[in-house]
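In what follows, a single structure is set out as structure tokens and then discussed.
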Amino acid sequence: MSKAPFQIDDTEGPRVTRAWVLHPDIRSNPDRRDPGPALEEAVALARALPALEVIGSEVVQLRSVDAGKLFGKGKIADLHERLEQNEIELVLVDGPVTPVQQRNLEKAWGVKLLDRTGLILEIFSDRAATREGVLQVEMAALNYQRTRLVRAWTHLERQRGGLGFVGGPGETQIEADRRAIDEQLVRLRRQLEKVVKTRALHRAARAKVPYPIVALVGYTNAGKSTLFNRLTGAEVMAKDMLFATLDPTMRSLALPDGPEIILSDTVGFISDLPTELVAAFRATLEEVLAADIILHVRDISHAETEEQAADVRDILVSLGVLEDTRTFEVWNKIDLLPAEAADAVRARAERGDDVLAISAITGEGLDHLQKVIAEALQGAVREADLHLGYADGKKRAWLYDQDVVVRENQTEDGFDLTVRWSAKQEAQFQRL
């Protein structure tokens, strides 16, 4: 696998890189976030990489952005002194940094620098486990690198064409780098197409098993994997760490007094998710698109739980999740709230039809959660009788494509069919 935008050298064994986290608080930014929680999240992102040691972090107040260096001269000098005193090797900037700004700051401070997108790509590169996940991360990282060819990338330093002393060096370094990246992207796309076809076959096989799919979605570190493990008895990685889960995991779960379901755990969402990764992980999140029920797991104890929930909803909309997909908000981590606040959350959940208060750690509310899912899925997979005329070939083909036809009899004016489908499939059929 090619190096991601920043690759920690472990050729001589594990080595810890000393890092400093900066959150630029730009007053003129219309999308400005509360700097305190934003810095905490940035530090948590940095700590998600085991090879990084966060030595310090700070919010940097800015009236406006310097186009060439992001920060003003005085602030750069002040930070340089602090970075030098603490022997910092890597600076993480919680926000976008242009290639020119990155080059100038690295030169001024004598350190490597990563912006928010670069750091998230590093985490995904470190965590991806399935073949598809690895390929998608690598493609996203290469697309990111392609936009930042203002300096030599160590793994693309080879000059092409010419001898260097007669007729010039041939292609410039940037042209050679871009060509190398484009060639690798073509190879990766071909490999990914094969993997996606395999996943499609697996999905088709699952579609023949008439189990409803319940998908867990939510902001990263909301507790989805802990809930998944508690319900299914699986051993998915679940830590107090951002992006503990990247690749989707699916397990069957027999609900008490209810149907058997397939429960799907997915990658956590995050604000300002790099566009490269939204596109790259669309296929990974297809299980969400196919879900009969979505459980939006929220860390209700987090100071920015409302903002996080809004980010998740925005990403679901951008992914094209159907409006008719039944969605429940699962307010997790009530065990971390003070007693009075926890009681208020429980009372609020009792008033809301689609709101559930739980603790995946203590198990509070999980029996009720399973009961609500079972009730919502009553009749989720049911039989129905249809009559289609000979002119309804498109509808008939769609039913067979969905593999819901139980039996069929041909009549004088068409076909009598018995189908076994979910409410979601029935709604889709009505729209044909």
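Computed from the C-beta positions of Arg82 and Leu319, the FRET efficiency with R₀ = 56 Å rounds to 0.85. In plain terms, the residue of Ser301, Ser359 with the fewest other Cβ atoms within 10 Å comes first and the most crowded comes last, giving Ser301, Ser359. With the cut-off at under 18 Å, measuring from each backbone N in the range 398-432 to a point 7 Å along the Cα-to-Cβ line of Asp385 picks out 405-421.
Most exposed first by the Cβ proxy, i.e. fewest other Cβ within 10 Å, how do Val186, Val54, Val137 rank? Mind showing how you got there, number by number?
Values: Val186 9, Val54 18, Val137 25.
Fewest-to-most Cβ neighbours within 10 Å comes out as Val186, Val54, Val137.
Counted by neighbouring Cβ atoms within 10 Å, the residues Lys395, Lys333 run from fewest to most as Lys395, Lys333.
No value in this document is a laboratory result; all are computed from the given coordinates. Since this is a predicted model, take the numbers as computed values, not measurements. Glycine gets a Cβ as well: all are built from the backbone with ideal geometry, and neighbour counts include every protein chain shown.
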